[in-house]
Amino acid sequence: MSVWGTIFDLEDNPPYRYEGSHVLPSVDGPRDPGCPVQLAEVPSHITRDGRDDQPEDGAPWPWLRASLGREDAVLDRSQVQGLWEAMGAWLEQTKPPPPPARHVGGGANAEDCPGCKGTNPPYPFICPGEDR
């Protein structure tokens, strides 16, 4: 019986296989379905002798199991916080740029058009139309 409650699992989207530091990863690269990535919590209903101070439907215990492949590690809240911050910073650094603003066209007023923003179209200030 497992005492961990899975909260994240990449079973349907397995990680890419690490092929060495000399190989740049690619979306076409090989996947490794035998290397599960999983996060699991200890639900509040799990207890041990001398420790039965949480309700059945309470918050999970302050431990998180992180699994990569066949290896497991247990993290406390401060470690999870550090991991969260590092992953959030990485996500921000690798965020794709927003799509370019497009003209609305159709005789719309230029001041209401994202594609005309910051330009000074000639009077009567009508959006010139869709970008081609």
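The values are calculated or read from the model by the stated rules, or taken from the named source; none is laboratory data. Please read these numbers as outputs of a predicted model, since none were measured by experiment. Using ideal geometry, Cβ is built from the backbone for each residue, glycine included, and neighbour counts are taken over all protein chains shown. The accessibility values were calculated without ligands, DNA or RNA, using every heavy atom of the protein model including side chains. Shrake-Rupley method; radii C 1.70, N 1.55, O 1.52, S 1.80 Å.
Summary of values
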| item | result |
| --- | --- |
| Scan of region 33-46 for residues that are closer than 16 Å to residue 68 by Cβ and either among the hydrophobic types (A, V, I, L, M, F, W, C) or at pLDDT 85 or above (or both), ordered by number | 35, 37, 38, 39, 40 |
| Number of positions in region 71-103 that are open to solvent by 70 Å² or more (accessible area, probe 1.4 Å) and closer than 11 Å to residue 127 by Cβ | 1 |
| The listed residue being in contact with a Leu (Cβ under 8 Å, 6 or more places away or on another chain) and either modelled with pLDDT of 85 or more or open to solvent by less than 60 Å² (accessible area, probe 1.4 Å) (or both), out of 65, 17 | 65 |
| Within region 22-132, strands (runs of 3 or more DSSP E) holding 2 or more residues that are of a type outside the set (Phe, Trp, Tyr) and either touching an Asp or Glu at 6+ places or on another chain (Cβ under 8 Å) or touching a residue at least 24 places away in the same chain (Cβ under 8 Å) (or both) | 37-41, 63-68 |
